[in-house]
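Asker: Shown below is the structure under consideration.
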Amino acid sequence: MLNRKARSLNSWNHFKRKWLMHRRKFIQTSCAACLSLTALAGALSSCQTTKYVSGKLGTDGLFINTDEFKKAGKRKDSYRSFIVVRNEALQYPVCVYRLSDAEYTALWMSCTHQGAELQASGDFLQCPAHGSEFSNKGKMTNGPADRDLRTFPVTVNKNELFIDLRRV
Ligand code: FES
């Protein structure tokens, strides 16, 4: 039979063991959660969100301000590699890539295989229907499509781009 002091000590030890087990479990769970959050933050920062603009439709094409490529809140010379022009007057969007200050490409986002709308992802466009891929210059890099994308001439005038859509 244990005396009162021994029982109290026994109960304290039991409490300490339980507390240590909870603490260990808490640390393991917290570390797993931290690692997951860190991985998620890394994944999110590596994927660029797509910027959509409507542009200004003229008689022969679209006008876009080059400032649309500037990344908000970033350094002065930080630019997006592409933007997507969605205009209700157009059947498909136009993906505009900024290759340099003076060089841009404008690509019709219609797959040359069966006409599905393409998705821009970094420096290439991909077809969600059957997986064809195209470069940021419209070259077909992966089938089943067997033709390059339709492209449009782009003229740079100070801080304005003109995309000539007369061949749409
Ligand atoms: S429609 Fe694009 S790969 Fe088939």
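None of the figures in this text is laboratory data; all of them are computed from the coordinates on show. This one's a predicted model, so the numbers in the text were calculated from it and none came from an experiment. In this analysis, Cβ positions are derived from the backbone assuming ideal geometry, glycine residues included, and neighbour counts consider all displayed protein chains.
Asker: Among G143, L165, A72, whose Cα projects farthest towards the positive end of the dipole of region 63-168, with charges put on the beta-carbon of Lys, Arg (+1) and Asp, Glu (-1)?
Answerer: Positive-most Cα among the choices belongs to A72.
Asker: Shape call for region 52-164 from the C-alpha gyration tensor, a ≥ b ≥ c root eigenvalues: rounded (a/c under 1.5), prolate (a/b greater than b/c) or oblate?
Answerer: Working: a/c = 1.98, a/b = 1.48, b/c = 1.33.
Because a/c hits 1.5 or more and a/b exceeds b/c, region 52-164 counts as prolate.
Asker: Let me ask you something else. Amide H to amide H under 5 Å from T112: which residues, 5+ apart in sequence or cross-chain, H placed 1.01 Å off N in plane?
Answerer: Answer set, sorted by chain and number: none.
Asker: Beta carbons within 10 angstrom, averaged per residue: use that to sort the peptides 90-97, 116-123, highest first. Please list the in-between numbers first.
Answerer: Details: 90-97: 20.4, 116-123: 16.1.
So the order, starting with the most tightly packed, is 90-97, 116-123.
Asker: Modelling each spin label as a point 7 Å along the Cα-to-Cβ direction, I'd like the T59/E88 distance in nm, to one decimal.
Answerer: Label at T59, label at E88, 2.4 nm between them.
Asker: Let me spell out the model: positive unit charges on the Cβ of Lys and Arg, negative unit charges on the Cβ of Asp and Glu, origin at the Cα centre of region 83-148. What dipole size does that give, in debye rounded to 20?
Answerer: Working: 5 positive and 8 negative charges, 7 e Å.
Magnitude of the dipole: close to 40 debye.
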